[in-house]
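The values are calculated or read from the model by the stated rules, or taken from the named source; none is laboratory data. The structure displayed is predicted, hence computed values, not measured ones. Reconstructed Cβ throughout: ideal geometry from the backbone, glycine too, with neighbour counts over all protein chains shown. In case anyone asks, the SASA skips ligands and DNA or RNA and just uses the protein heavy atoms, side chains included. Shrake-Rupley method; radii C 1.70, N 1.55, O 1.52, S 1.80 Å.
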Amino acid sequence: MLEGRLLGGAIVMWLLACRWVVPMGESAIGVNWGTVSFLKLQPSTVVELLKDNKIPKVKVFEAEPEVLKALMGSGIQVMVGIPNQMLALLSTSPTAADLWLRQNVSAYIGKDGADIRYIAVGNEPFLTSYNGEYQNLVMPAILSLQQSLVKANLASYIKLVVPCNADAYESSLPSQGAFRPELTQIITQLVQFLNSNGAPFVVNIYPFLSLYDNKDFPQDYAFFEGTTHPVTDGNNVYTNAFDGNYDTLVAALTKVGYGQMPIVIGEIGWPSDGAIGANITASKVFNQGLISHVLNNKGTPLRPGAPPMDIYLFSLLDEGAKSILPGGFERHWGIFSFDGQAKYPLNLGLGNKELKNAKNVQYLPSRWCVASPSIDAQNVANHMRIACSVADCTTLDYGGSCNGIGEKGNISYAFNSYYQVQMQDSRSCNFDGLGMITFRDPSVGDCRFLVGVVTDKGSHSSVSQTRYQWWVLLAFLIIIQIISSFSL
């Protein structure tokens, strides 16, 4: 035990020394790195992409071993997430919290390790659509994890936060912002904890979803170019949805006694495909407008001269395996496509005037699977359905970049998407004789027919490995409880 304490003390001294060099409160533009994709770059390639673009902070949604290993020694500050499904166990078992921290944080930090600064406890656990499922688990899980941090001598360096969706608060005018009545008590407890531990309030704001979900929402109000539909709130005038939403949160925090609490934007962005209004132009205009707006340090009417502490763009890469229940756009939030190629010029304000593409990407051979010239479109519906249930076909959706390529083009796109996900296995282009392999790029205009990438097998299994480890942990705790009950 003494050896462990000495090691823990050494890690803390090193971490504090680094923190002296890079203050935790330093404002920055960071990114979310999601990995729910059929076609994945190797984690080491993604980390080099982050470094080449001088991105100093990254938020990951789960403690994937291959991702955290790749971040070791990079100097990039990390926020690592805990899925909502883990909150129940963490809220009731201090042993589970200790073990999670040991396996997913302590194992990766220290000299030449990953610079983990935050642990995100859950992801939007107060979301209205969850109907309170995780609501009462958040504070017990946080308190349990905080004790684990204290025991590991990490509480002074690594902070616990809870990314909240903007639906946690509501109001018709920003100055009247308030947390939802059923959340007021829990949010008050949360902000008290955050304040006492020097942690910020993390919120996810999505003007795109406001526009997508409400046909009457003024389109120009979602951007930063000025609007013909400003919102007047007393002496304050709001010309964009971000400022209005942000100040609604400021007002809500003020009502519970913490109006000066630092705020971090955990997710914000604009998708580039998969729906009406989701396109390259809109994505570029929104993201560049947001960055310029924040970096000018003007702040908002309720917080003049005080922009958000940090902003994490959503997201770094497209994720072609995400659920499309909200809409096909869910797979197209990346400022880079799945293969690390920039979708458009974007100045992040970090030193480079444009995004730099990923280097040394290993593509599969330049070949595609398309519909046979003699195909009978009436016999292909089931094959398309199967292909698109496995691969990503959301660019074919209404408003998508491939929506206008015609019936045969749609079939070819679906076939090729499936073929690339299957790593170009020749059998995956058969479709009962309806498909054929071509060496001629079938891309049409803005509709890009993808070629897959060589994927590190380790990264493919990273999420499943993490979840497997968690179930092993759960089984271990159950066994301990059974043994304890027998010993009594």
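Angle of helix 280-295 to the longest C-alpha principal axis of the chain, folded into 0 to 90 degrees and rounded to 10: 20°. Near I265: Cβ cut-off under 14 Å, other residues only, Lys/Arg at +1 and Asp/Glu at -1. The net charge is -2. Taking Cα atoms only, the orientation of helix 406-421 departs from the longest principal axis of the chain by about 50 degrees.
The mean accessible area for residues of the chain, using a 1.4 Å probe and ignoring ligands and nucleic acids, is 44 Å² per residue.
Tell me which of Y134, V294, A97 sits at the most positive position along the dipole axis of the chain, charges placed on C-beta atoms (Lys, Arg +1; Asp, Glu -1). The listed residue farthest towards the positive side: A97. Amide H to amide H, with H built 1.01 Å from N, E62 comes under 5 Å of G81, counting only residues 5 or more places away or on other chains. Dipole size of the range 310-426 about its Cα centre, with +1 on Lys/Arg Cβ and -1 on Asp/Glu Cβ: approximately 260 debye, rounded to the nearest 20. Expressed to the nearest 5 percent, the antiparallel share of DSSP beta bridges inside the range 188-327 is 45 percent.
Within the shell defined by Cβ-Cβ distances under 14 Å, the residues around V202 carry a net charge of +1, with Lys and Arg each +1 and Asp and Glu each -1.
Distant-in-sequence amide contacts of G30, defined by a placed amide H-H separation under 5 Å and a gap of 5 or more residues or a different chain, comprise I311, Y312, L313. Assuming charge only on the beta carbon of Lys and Arg (+1) and of Asp and Glu (-1), the dipole of the chain about its Cα centre is about 1120 debye to the nearest 20.
Principal axis extents of the Cα atoms in the range 350-409, from largest to smallest and rounded to whole angstrom, are 54, 29, 21. Using C-alpha pairs under 8 Å with a sequence gap of at least 6, the mean separation divided by the residue count of the range 236-283 gives a relative contact order of 18 percent. Using the Cβ-Cβ distance between N352 and L325 with R0 set to 30 Å, the FRET efficiency from 1/(1 + (r/R0)^6) comes to roughly 0.25. When the helices of the chain are scored as -39500 (n - 2.57) per DSSP H run of n ≥ 4 and the total is divided over every residue, the value at 222 nm lands at -11000 deg cm²/dmol. Couplings 3J(HN,Hα) of the range 61-76, computed from phi: 8, 8, 7, 7, x, 5, 5, 5, 4, 5, 7, 4, x, 7, x, 7 Hz, in residue order, whole Hz [Karplus 6.51 cos²θ - 1.76 cosθ + 1.60, θ = phi - 60°; x for Gly and Pro]. Tell me the relative contact order for the range 37-130 as a rounded percent, counting alpha carbon contacts under 8 Å between residues six or more apart. Reported relative contact order: 33 percent. The convex hull around the C-alpha trace of the range 89-201, projected and averaged over every direction, spans 7.8 square nanometres. For the set K322/K356; K353/K408; K322/K359; K151/K255; K159/K255; K51/K408, the pairs lying more than 31 angstrom apart at their alpha carbons are K353/K408; K151/K255; K51/K408.
For the pair the range 205-227 / the range 62-94, the C-alpha centres are spaced 33 Å from each other.
Of the residues P125, Q219, G30, the one whose Cα sits farthest towards the positive end of the charge dipole of the chain is G30 (charges of +1 on Lys and Arg Cβ, -1 on Asp and Glu Cβ, taken about the Cα centre). Under a model in which nothing but the beta-carbon of Lys, Arg (+1) and Asp, Glu (-1) is charged, the range 52-96 shows a dipole of about 180 debye around its Cα centre.
Summing +1 for each Lys or Arg and -1 for each Asp or Glu among the other residues whose beta-carbon sits under 13 angstrom from that of P442 gives +3. Shown for the chain: the carbon plus sulfur share of the solvent-accessible area, taken with all protein chains present and a 1.4 angstrom probe, equals 55%. Positive end of the dipole of the chain (Cβ unit charges, origin at the Cα centre): among L364, S401, A114, the Cα lying farthest that way belongs to A114. The phi torsions of the range 199-214, fed into the Karplus equation with coefficients 6.51, -1.76 and 1.60 and a -60° offset, translate into couplings of 10, x, 8, 10, 9, 9, 10, 10, x, 4, 5, 4, 6, 5, 8, 9 Hz, rounded to whole numbers, with Gly and Pro shown as x. So what is the relative contact order for the chain, in percent, with contacts set as C-alpha pairs under 8 Å and at least six apart? It rounds to 17 percent for the chain. Using only alpha-carbon positions in the range 275-405, the gyration tensor eigenvalues give semi-axes of 37, 18, 12 Å once each is multiplied by 5 and square-rooted (largest first). Counting only alpha carbon atoms, the long axis of helix 184-196 and the longest principal axis of the chain meet at about 70°.
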